[in-house]
Amino acid sequence: MNSVIQAELTYDSFKELEKSYGSSFYLLDVNKLKENYQKINDAFKSIYANFIIGYSYKTNYLPYLCKELSKLGAYAEVVSRLEYDLAIKIGEDPKRIIFNGPLKSKEDVFYALDNESLLNIDSMYEIEFVKEYALNNEDKEIKLGLRVNFDISQDGVSILQEGYAISRFGICVENGNFHLALNELRTMQNINIIGLHGHFSTRNRSLHAYKVITQTLCDLAKENLIDTLEYIDVGGGIYGEMPDSFNIITPTFDDYAGTICEVMNREFKHFSKKPNLILEPGISMVANTFIFISKVIEVKKVRDNNFVLVNGSVHNVKPTMHKNNLPMQIVRKNENVSDNEYFHIVGYTCMEKDYLAHHVHDALPERDDFVVFENVGAYTIVFNPPFIKERPSIIAMDNASFFEVRKKETINQFFNEDLYSFSFP
Ligand SMILES: Cc1ncc(COP(=O)(O)O)c(C=O)c1O
């Protein structure tokens, strides 16, 4: 079974963990993380040697996780100064930081260029900062990349997430801004444009989309950056391995690697020094590496409906509050279970919509059972708002050992006195 839980986690082991960490907590499966990294890396590297993984920090910037991935060889893909500074804080080599994102201050741009990070500018306003830096540092060779925006619709139909007709990111090719940006930057002798970046968040994460993205980036690079090209960055967005219960067939890492690397190998066949290929996986790297465990506090009936109250909230498992149930397991105190019934699993907030799961059909849980929500590694920890209760701890599980990588928040951390005023007139 393609489940996040690799170790045998029994009721007794949860009771043991509860003693140290409380009755709700996240569990990071470190082996699963390493396995994901290795599978993605092997799939691409076996076809295109100059391959780099830039882990997308925003998906889950738990420092321990970022460090593990860095140790495995991943670069840090960051989209804000905050994430950039975190990468530095965990000891990342600045030359292995890919700095993307739509909003960068002049100071951010100067800092990234001082550090020789891989800076991808997203809009024209950043060009002014780069040119000013180039003017102040005439003896320095300045390298940077451009995030480009081009049409990837299929038969005139947008394939972007949420049905957006066009992406708002990057410098547009079709309206001439891309060439304008190249010309502007090339007015400075010491600026070299060494890479193109093209991340698109598509609905179906299809192989076809990656074929179009990679081909377009290669064409643009060969037409415009032939003497300086060092990398093609196709962004993130690929599917990871899906839990069995999702019952959908998605492209594998090998499928993505085959599609993307086929274009790279063909386009750069005659190049003595082939450019690096950068992939920025987020969801595919971390979604299935986390579970959230929460204890059943009460089981109550309202008219004919069963409500199972747990010590958790929808914010802990699916902050976007979508209606699909996550893959789940109930770890029971009593092995003799009753017949299946329908029930909802609800959380501690006062919001009516705080449902961790809807219409579950299983034996009704009892007080003190544990519910395990799987696949909660992506965009949960980072979206978990400070709302009503302190955030739970995060435990890493590495082979047989368990250790805390984020403590349970305390009231003093929640209401940080460096931030909030507690002196009242
Ligand atoms: C620039 C960039 N790179 C990488 C990613 C990661 O995407 P995913 O988590 O879908 O792999 C994103 C997500 O929005 C992104 O904006």
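Computed from the coordinates by the stated procedures, all read-outs in this text should not be read as laboratory data. The structure displayed is predicted, hence computed values, not measured ones. Cβ placement follows ideal geometry from the backbone for every residue including glycine, while neighbour counts extend to all protein chains displayed.
One table, with the values for the structure above:
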quantity: Phi to ³J(HN,Hα) by Karplus 6.51 cos²θ - 1.76 cosθ + 1.60 over segment 243-258, Hz, x for Gly, Pro; calculated: x, 3, 5, 6, 6, 10, 9, 10, x, 8, 4, 5, 4, 4, 4, x
quantity: Virtual spin-label span in nm between H344 and Y164, 7 Å along Cα→Cβ; calculated: 3.2 nm
quantity: Normalised per residue, the volume of the convex hull around the Cα set of segment 12-130 (Å³); calculated: 129 Å³
quantity: Spin-label pair I297/F246, simplified geometry with 7 Å Cα→Cβ offset, distance in nm; calculated: 3.1 nm
quantity: Mean shadow area of segment 289-425, taken as a quarter of the surface of its Cα convex hull (nm²); calculated: 10.9 nm²
quantity: Restricting segment 389-425 to chymotrypsin sites (Phe, Trp or Tyr not before Pro) in coil, as DSSP defines it, with at most 16 other Cβ within 10 Å; calculated: F415, Y420, F422
quantity: D_trans [Stokes-Einstein, Kirkwood Rh over alpha-carbon pairs] for segment 267-335, 10 °C, 1.306 mPa s, µm² s⁻¹; calculated: 95 µm²/s
quantity: Pairwise label distance in nanometres, I411 with E35, each label 7 Å out on the Cα-Cβ vector; calculated: 4.3 nm
quantity: Cα-derived Rg to Rh of segment 211-355, Kirkwood definition; calculated: 1.20
quantity: Area projected by the alpha carbon convex hull of segment 369-415, averaged over all directions, nm²; calculated: 4.6 nm²
quantity: Pairs of Cα atoms farther than 28 Å apart, the chain, %; calculated: 54 percent
